[in-house]
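The structure appears below as structure tokens.
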Amino acid sequence: MMPAEVSQRPEKKVPVTVLEAARARYESLQISDDLFGESEDSSGNPFYSTSPDSSAEAVSSEDDDAAENPESFKAVAQAEPSDLHGHGRESRPKVGKRSAMHGKDKRRRGKAECSVHPCDNLQDDEVLQRKPEDDLDDEDGWSSTLQHIPTPIFNETIGPTRIMPSNSKAIDFFQLFVPDNVIKNMVTQTNMYAKKFQERFGCDDVWVDVTVPEIKAFLGYMISTSTHHCESVLSIWSGGFYSNKSISLVMTQSRFEKILKFFHIVAFRSSQTTHGLYKIQPFLNSLQNGFDSSFSPSQTQVIHEPLIDEDPAFIASCTERELRKRKKRKFTLWVRQCSSTGFISQIYVHLKEGSGTDGLDTLKNKPQLHRIVAKNLCQTLSGKKYIIFTGPSITSLNLFEEFEKQGIYCCGLLSSRKSDCTGLPLSMMSNTDVPLSRGQNRIRMKGKMSLICWYNKGHFRFLNNAYSPLQQGFIIRRKSGEIPCPLAVEAFAAHLSYICKYDDKYSKYFISHKPNKTWQQVFWYTLSIAINNAYILYKMSDAYHGKRYSRAHFGDRLVRELLGLEEPFAED
């Protein structure tokens, strides 16, 4: 009986044809399958579910606006709308354990599910023939007559722009973004600030000017908190659970605290400086130059707020008052991220600068703020035919039309409450009186812009000028096989769910140090993003084929190389 049982086991696996179809769709959407997870965990696109438990969970009633409902949104992108709205951590669900934020939370691993639309298999000329009553809904130039719009052809080079040798170390990739001249500037500015501080408040006999190796060691200690999370960076020198004897001997705790006290990127405000980020702006500019010169992103990119993980150990050590205070950040951070590789191509920081018309309090959760964010993040993309995916707070007809004139194409999720719906037909923004079946859709078109209303346990609306409304995509399911849906819906869901996978994998590697000063918070957040980008470049280089480091191991190697240590980490 044993041979018979063994022979039956392969029959329980997913049919090869389904997996091959998933892989083909995966590649056609320009998504790499081996850049996010660790080397032993890079199974594939979470959007294409081939696992046995691939049924969607229960969601709210059909009358709800699905774009507002985090539970129903996972049927489209397997992510929560708050991850894409640009509203910050206050709009994210609160969690008490790390597992809920790192892939074990089923809300972030929801499965796409829909039914076949009755008209999905019609030919193009038949698709043009809509129901007669649909013509009555034409408003403001929006027509139910659809026409084919070809996807823009992309001719730019994709991938790393520098060939790294096979013997490259972790610090070599890190210094693509934080080179020696930037570190030397940190040394100069820190010493200048320490001198001025002592002139004003009295001489410190213990202080001596910091050196380049010490600043590298200082950065190494901070970066170590991204892989070995602890309640405080000072725990490295303690004798408790979070101590790290293998690196604590490089620098004393008292010397580290002195450097931390005086550490600066820009020591003094210039008389011509009015921007609140003046203390960090030179570093942000240098970081952006490194991103631009080291990597060319793919055609498809996403604008969103990256998930910045709050470590449970840090949360447990804070009082309720400290937590309330820390949630009130004085800035928001957006990124433009390559949805094929996860590489963050651009960072934009919006700082609260008072109660004026440009202050964050005035513009928060309003279309004009997110319009400014999108335009700043896309200002270098003109004429290159990139496709940008956006969340409801950024998606708007006026912005998309402005981008289209610049040769930038968009696909975004709409929300009746969070989106700027100016110029959109009211009939498409309201739910129909007759309940729709899952998978049904209505489409209106104005020029090259198409407005899609698609139903799947809730109404999802998409504004799109990157994909033809006549093209059909599909979702691959274990039991149902290929399930058709509009191509724009499939592309949106696939790319944004991949960005959510980036959040799940990489947000836990953000530096745990939580300073009170805003410019320092921005510095450690952006430095964490730079290290994640360095790891992505490492995985695309020849060096990865020689030594396949996981993200955690890569971080450990970087720490030791910054500290000047060559031996692997010792067990404490």
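The values are calculated or read from the model by the stated rules, or taken from the named source; none is laboratory data. Keep in mind that what you see is a predicted model, and the values were worked out from it rather than measured. Cβ atoms come from the backbone with ideal geometry, glycine included; neighbour counts cover every protein chain shown. Accessible surface areas use protein heavy atoms only, side chains included; no ligands, DNA or RNA. Shrake-Rupley method; radii C 1.70, N 1.55, O 1.52, S 1.80 Å.
The dipole here belongs to the stretch 168-267: it is taken about the Cα centre, uses +1 on the Cβ of Lys and Arg and -1 on the Cβ of Asp and Glu, and is about 40 debye.
Computed from the C-beta positions of Glu402 and Asp209 and an R0 of 51 Å, the FRET efficiency is 0.50 to the nearest 0.05. Of Trp207, His229, Gly240, whose Cα points farthest to the positive end of the dipole of the stretch 171-309 (charges on the beta-carbon: +1 Lys, Arg; -1 Asp, Glu; origin at the Cα centre)? Going by the charge dipole, the pick is Trp207.
Take the alpha carbon gyration tensor of the stretch 140-195, find the square roots of its eigenvalues, order them as a ≥ b ≥ c, and report rounded if a/c is under 1.5; if not, report prolate when a/b exceeds b/c, else oblate. Since a/c reaches 1.5 but b/c is at least a/b, the shape of the stretch 140-195 is classed as oblate. Each label was represented as a point 7 Å from its Cα along the Cα-to-Cβ direction; for Tyr278 and Glu257 these points are 3.2 nm apart.
In terms of distances greater than 21 angstrom between alpha carbons, the cross-link table entries Lys184/Lys279; Lys279/Lys501; Lys216/Lys279; Lys279/Lys517; Lys405/Lys446 yield Lys279/Lys501. Can you bin the stretch 498-565 into rounded, prolate or oblate? Criterion: square roots of the alpha carbon gyration tensor eigenvalues sorted a ≥ b ≥ c, rounded for a/c under 1.5, prolate for a/b above b/c, oblate for the rest. Here the stretch 498-565 falls in the oblate category. Projecting the Cα atoms of Ala534, Ala493, Ser550 onto the charge dipole of the stretch 486-572, computed from C-beta unit charges around the Cα centre, puts Ala493 farthest toward the positive end. Note that the stretch 477-554 presents 26 Å² accessible area per residue, ligands and nucleic acids not counted, probe 1.4 Å. FRET efficiency for the pair Thr188 and Leu426, taken as 1/(1 + (r/R0)^6) with r the Cβ-Cβ distance and R0 = 41 Å, rounds to 0.10.
Take the Cβ atoms of Ile153 and Arg548, set R0 to 41 Å, and the FRET efficiency comes out at 0.70. One chain, two ends: Lys384 and Asp292. Fully extended at 0.36 nm per residue, the span grows by 31.6 nm beyond their Cα-Cα distance. For Glu214, the accessible area of its heavy atoms, probed at 1.4 Å with every protein chain present, is near 50 square angstrom.
Note on Asn181 and Arg269: the model spin-label points, each 7 Å out from Cα along the C-beta direction, lie 2.8 nm apart.
Working ranking of peptides 140-147, 260-267, 219-226 by packing, defined as the average number of other Cβ atoms within 10 Å per residue, highest first, is 219-226, 260-267, 140-147. Please report the net charge: other residues with Cβ closer than 11 Å to the Cβ of Phe343, K and R +1, D and E -1. Its environment carries a net charge of +2.
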